[in-house]
Amino acid sequence: MRHSERLVVVLFDRASLGIMSFAFGVFDLAVHYGAMPELDVRVVAGEPDAVLTGGGLTCDLPYDLAAIEAADLVIVPNWRSVTETPPQPVLESIRTAHARGARIAGLCSGAFVLAAAGLLDDRPATTHWAMASALAQRYPKVRMQESVLFIDDGDVLTSGGGAAGMDLGLHLIRVLRGASVANSLARSMVVPPHRAGGQAQYIESPVPEPDLADPVGEAMSWALTRLDQSLSVDELAGRANMSRRNFDRRFREITGATPANWVTHQRVIRAQQLLEQTELPIDAVARQCGFSSGAALRPHFRRLVGVVPAAYRETFGVKTS
């Protein structure tokens, strides 16, 4: 594995097996399906004598805090109370791992643990929408963005509750292994391959594929075949035979994003695929995705993927002998 060899999931006493599955499941299946066969996943007790419970089972947790400090990726899926401070030893271990270069992710109430460790000070973060005000009040240095699915701030990541943790897991696999691997794994899991972090937590339909029976969904499907062309919001609204105002409102209901942002995101996803699967020059890739040049593609690609197109190709592109 290029950037991460050991994943640690940190659990506290009486943690739920169901909650842990959102943190552990995507990566466990990545190993099972061969997407990340060399990944070493370890479940760590965040406090002495912690046990995992669920389905009538009670399981001891096999690893202690030393595993956190040796990890490349640390995931904290939950914390039991928004008013209780996590134990200092686990906070210190998380700080040590972060200082050593590990990525640290807090899912749902796990964001409270990252905040208590000081890792969210003056940084954007999210959590489950029902806990957002409590996190902001208890840790005022956090720059709360409560409406989004997840936030990747480089070395520190946070997500909303439930399935948003799976979205973040697939996003991390996309970062580490590329879009093709993440999409293939998503298909194996029968889940949407990519819900953007900026998508709203509260949406009527997550849209794994555009619904062609819906005029907005038909317009989205039509746009996906024309990413190399100019696509104005007025043109999309006209395709759906709707006013611009009604189209914008319905589009947000379906996707949680604005039409313009959605189109940009789809263009970047297409650029990822071309960078992985072809040897086209970056300027040609950009033009096939609706950007005037590689320079025009670069800031959007870096904002959504985390690296510039050239670096992405170097990591995930086809290798010629």
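The values are calculated or read from the model by the stated rules, or taken from the named source; none is laboratory data. All values reported here derive from a predicted model rather than from experimental measurement. Using ideal geometry, Cβ is built from the backbone for each residue, glycine included, and neighbour counts are taken over all protein chains shown.
For (1) in the same structural domain as Arg177 (by TED's automatic domain parsing); (2) crowded, with 18+ Cβ neighbours inside 10 Å; (3) in a loop (DSSP other than H, G, I, E, B); (4) under 24 Å from the mean Cα position of the chain (by Cα), each residue gets a yes or a no:
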| position | (1), (2), (3), (4) |
| --- | --- |
| Leu275 | no, yes, no, yes |
| Ala284 | no, no, no, no |
| Gly290 | no, yes, yes, no |
| Val307 | no, no, yes, yes |
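Looking at Gly34, Gly25, Gly106, just one residue is in a helix (DSSP H, G or I), assigned by TED's automatic domain parsing to the domain that holds Ala130 and either of a type outside the set (Val, Ile, Thr) or more than 21 Å from Ala125 (Cβ to Cβ) (or both), and that residue is Gly25. Here Ala257 fulfils each of the conditions (1) out of contact with any Asp or Glu (no Cβ under 7 Å at 6 or more places or on another chain); (2) modelled with pLDDT of 90 or more; (3) outside any helix (DSSP H, G or I) apart from (2).
What about Pro48, is it in a loop (DSSP other than H, G, I, E, B) and within 22 Å of Arg174 (Cα to Cα)?
Working: in a loop (DSSP other than H, G, I, E, B): yes; within 22 Å of Arg174 (Cα to Cα): no.
No, not satisfied.
Could you tell me whether any residue of the range 46-69 is under 20 Å from the mean Cα position of the chain (by Cα) and of a type outside the set (D, E, K, R)? No; the residues of the range 46-69 include none that is under 20 Å from the mean Cα position of the chain (by Cα) and of a type outside the set (D, E, K, R).
Yes or no, residue by residue, for (1) surrounded by fewer than 16 Cβ atoms within 10 Å (Cβ to Cβ); (2) free of Cβ contacts under 8 Å to residues at least 24 places away in the same chain:
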residue: Leu65; (1), (2): no, no
residue: Leu73; (1), (2): no, no
residue: Arg80; (1), (2): yes, no
residue: Val90; (1), (2): no, no
residue: Ala99; (1), (2): yes, yes
residue: Ala115; (1), (2): no, no
residue: Asp121; (1), (2): yes, yes
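With respect to Gly106, is the statement that it is crowded, with 16+ Cβ neighbours inside 10 Å and either within 28 Å of Phe316 (Cα to Cα) or in contact with a strand residue (DSSP E or B) (Cβ under 6 Å, 6 or more places away or on another chain) (or both) true? Spelling it out, Gly106 is indeed crowded, with 16+ Cβ neighbours inside 10 Å and either within 28 Å of Phe316 (Cα to Cα) or in contact with a strand residue (DSSP E or B) (Cβ under 6 Å, 6 or more places away or on another chain) (or both).
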